[in-house]
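Below: one structure, written as structure tokens.
The values are calculated or read from the model by the stated rules, or taken from the named source; none is laboratory data. Everything quoted here is computed from the prediction, not taken from an experiment. So basically every Cβ, Gly included, is an ideal-geometry build from the backbone, and we count neighbours across all protein chains shown. When the accessible area is computed, the model is the full protein with side chains, heavy atoms only, and any ligands, DNA or RNA have been set aside. Shrake-Rupley method; radii C 1.70, N 1.55, O 1.52, S 1.80 Å.
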Amino acid sequence: MSNTAPSAERTETSPGETHHQNGRNGHTAFIPVSQLEEMIQQQLREERARLEREVGIEETTHTHFRRPEERHFTKDQRPHTTVLFGGLTWKHERILQGSIAGLGYKVMPLPNADKQSFQIGKEYGNNGQCNPTYFTVGNLVKYLQSLEGQGLAKQDIVDNYIYVTAGACGPCRFGMYEAEYRLALRNSGFDGFRVLLFQQGGGLDQAGLEAGLDLNIDFFIGMLNGMNFGDLLLDISDQIRPFEVKQGETDRVLRECVEYMYEVMKARQPYKLEGKLADVMWAKTPGLANTTEFLGKFLRQLFSDHFVDGLRWCFDRLNTIEVDYLRVKPICKVTGEFWAQTTESDGNFNMFPFLDREGAQIVREPVATWTSYLLNQGKNEARDRRGLREGEERPHWYEVGKQARRELDFVKKLAMLTLAGKIYNREYDRLRAALGNKPHALVNQLELLRVGHPYYNSRAEGGEGHLEVAKNIYYSNKDLCHMVLSLKPFGCMPSTQSDGAQSAVISHFKDMIYIPIETSGEGDVNAHSRVQMALGEAKVKTKNEFTRVLQETGRTLDDIRAYVAAHPEMHRPAWKISHTKGVVGTAANFVKQVAALMDADEKGGRLRKLQKVAAMF
Ligand code: SF4
């Protein structure tokens, strides 16, 4: 304490009073304890302030961030307002752009996030966020700054652009994204810029959206279609690229296909109930007209071939690429946190082109898996909460009516979610069929839950929940990959949890090659070299498998090559390679299949010869 410390001495006399002796004049006074306490606190404050001044760290007043009152985005602003969005791959985003533009919006996906986005996110956002937050938040600010750099006034940017993003209430940091966007926008001088939320759980946050962005069934169907088309085109291109004979051809054709699907989506006009009868219905029974139109839109989605034909066109184009399926490539399944495993940017060290350059065949996770997961989690939650209602007591045994109503609610919810899941899978399969059934089918969520739950409680939500662990087991056990690469953002809570569980998984499945990589804004070289080492191991595994399978067939590689050369259809992506149990690699499975066809041909040839000889007698 400094020389300003009290010189008074005190002794307790009676409760509530302190015997306070003034050292200077010897007078004794009784001061209430509360008053004395205040004096001490005051002197402490003064002393703290003095010390802070001395070392130059004076306390400043903090203004806490509060969610600003957002200006509405209204219908009349649509013609001059650009809707920004991002966070997926450019293939998804371009097709989604077509879909949203087709509904009459000006729409623009953000460019890919890069390291500068990350730095900007760190500069303007809160400390201690997860890696995707920095990248995505910084990417929006960076784009707005680039608009300003092109000469647009800040106010024009704030007035004429909005950003639409997914949101949730957590439980991980995803629940904070909206606040992070707003904070970074305010700190970077774009206060008042509108961020609209598309809620992940429980549908759409209509309250925040007004009529400017009409999140109706057309919008919803367009989003699902766009994401499915992006998923499927990515999947099929990943199966072709490692085997393409002419380097770069897959990406060139893929670009053509994405542009084509963009046009298909843009040209698609939403179904409308029209005609004389419809006019009467709209005038007399608008409720019925509305329901009929809704059903019309829904049925057209389920039974129209408009999009299916678009994908067929893509398949024909992709099928012009020449492939050599005898190249031995390790299959690398990429899993991890949703954004980190999806983005094609610095956000995951540009891992996909790196794997490609290193000679791996990539199996990505479609966005559709996430949609199926949400539907399945909805069913689990309905089962867990059966008979319960928030804020209400459970009915007594004799309140039969109440119990029956709750049971009916449960049955209805479960039936709706089951139906939604079935329709979604049916749509996905219909679109897969248009691409020759080459893209992988969606993995059954119950199966993922079954294998993942013993290691990671399926009710622990946030991030990918039990999926990270489950996919590792599923893909390794079903002979679908040689290694699993899990991309985990720095600071990701759910991924950190599942990392702990993965240790148990690896100790039970000894043959698994599993590598978790923490993604952050820096450390590319380290991350790449770790992946390279795991890939090296996977390559050895793949080559050994290929040699074993070739030996089992009793054929030489030259025999197989000669047979394939004589069958041009085997040089095309449309050729479907059958999967043999216990064999993972594409080349190894292909050799098995070709050898079986050769055997069948030879048997057929011998039979024909015998038939000819028999015919002579
Ligand atoms: S899952 Fe992880 S990385 Fe993704 S938002 Fe949540 S905490 Fe962040």
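Inside segment 528-553, residues that are touching a helix residue (DSSP H, G or I) at 6+ places or on another chain (Cβ under 8 Å) and either closer than 30 Å to residue 136 by Cα or at pLDDT below 95 (or both) make up a count of 3.
Would you check if there is a residue in segment 439-457 being surrounded by fewer than 23 Cβ atoms within 10 Å (Cβ to Cβ), away from the ligand (no atom under 16 Å from the Cβ), more than 30 Å from residue 589 (Cα to Cα) and of a type in the set (Ser, Thr, Tyr)? The answer is yes, given that some residue of segment 439-457 is surrounded by fewer than 23 Cβ atoms within 10 Å (Cβ to Cβ), away from the ligand (no atom under 16 Å from the Cβ), more than 30 Å from residue 589 (Cα to Cα) and of a type in the set (Ser, Thr, Tyr).
Can you say whether residue 380 is crowded, with 17+ Cβ neighbours inside 10 Å and within 24 Å of the chain's Cα centre (by Cα), as far as the supplied structure shows? Considered against the rule, which asks whether it is crowded, with 17+ Cβ neighbours inside 10 Å and within 24 Å of the chain's Cα centre (by Cα), residue 380 comes out as no.
Please determine, by comparing only the residues of segment 468-497 that are in a helix (DSSP H, G or I) and among the small types (Gly, Ala, Ser), which one is farthest from the ligand (Cβ to nearest atom).
Keep residues of segment 468-497 that are in a helix (DSSP H, G or I), which gives 468-477, 493-497.
Still in the running and among the small types (Gly, Ala, Ser): 470, 476, 495.
Working: 470: 16, 476: 23, 495: 6 Å.
Checking each candidate, the answer is 476.
Among the conditions (1) buried (at least 22 other Cβ atoms within 10 Å of the Cβ); (2) touching a helix residue (DSSP H, G or I) at 6+ places or on another chain (Cβ under 7 Å); (3) under 29 Å from residue 119 (Cα atoms); (4) not aromatic (Phe, Trp, Tyr), the only one that residue 494 does not satisfy is (2). Set side by side, the residues 500, 463 differ, and just one is exposed (fewer than 13 other Cβ atoms within 10 Å of the Cβ) and within 16 Å of the ligand (Cβ to nearest atom), which is 500. Within segment 315-343, being over 12 Å from residue 574 (Cα atoms), away from the ligand (no atom under 16 Å from the Cβ), not β-branched (Val, Ile, Thr) and not in a loop (DSSP other than H, G, I, E, B) holds for 332, 333. Just one of the listed residues (106, 115) is under 29 Å from residue 228 (Cα atoms) and open to solvent by 80 Å² or more (accessible area, probe 1.4 Å), and it is 106.
Selection of first residues in segment 282-306 that are touching a residue at least 12 places away in the same chain (Cβ under 8 Å) and of second residues that are assigned to a helix (DSSP H, G or I) and loosely packed, with under 13 Cβ neighbours inside 10 Å, restricted to Cβ pairs under 8 Å at least 6 apart or on distinct chains, gives the following pairs, ordered by first then second residue: 302/426. Every test in (1) surrounded by fewer than 19 Cβ atoms within 10 Å (Cβ to Cβ); (2) in contact with a helix residue (DSSP H, G or I) (Cβ under 7 Å, 6 or more places away or on another chain) is passed by residue 576 save one, and that test is (2).
Of the residues that make up segment 511-520, is at least one within 16 Å of the ligand (Cβ to nearest atom), at pLDDT below 90 and of a type in the set (Gly, Ala, Ser)? Explain how you work it out, then say what you get.
In the first step, residues of segment 511-520 are kept if they are within 16 Å of the ligand (Cβ to nearest atom); the result is 516-520.
Within this subset, residues satisfying the condition of being at pLDDT below 90 are 520.
If we keep only those that are of a type in the set (Gly, Ala, Ser) too, we end up with 520.
Yes - at least one qualifying residue is present in segment 511-520.
In segment 82-187, counting only helices (runs of 4 or more DSSP H) that sit wholly within it, the ones holding 3 or more residues that are more than 13 Å from the ligand (Cβ to nearest atom) and modelled with pLDDT of 95 or more span 90-102, 115-124, 131-149, 154-160.
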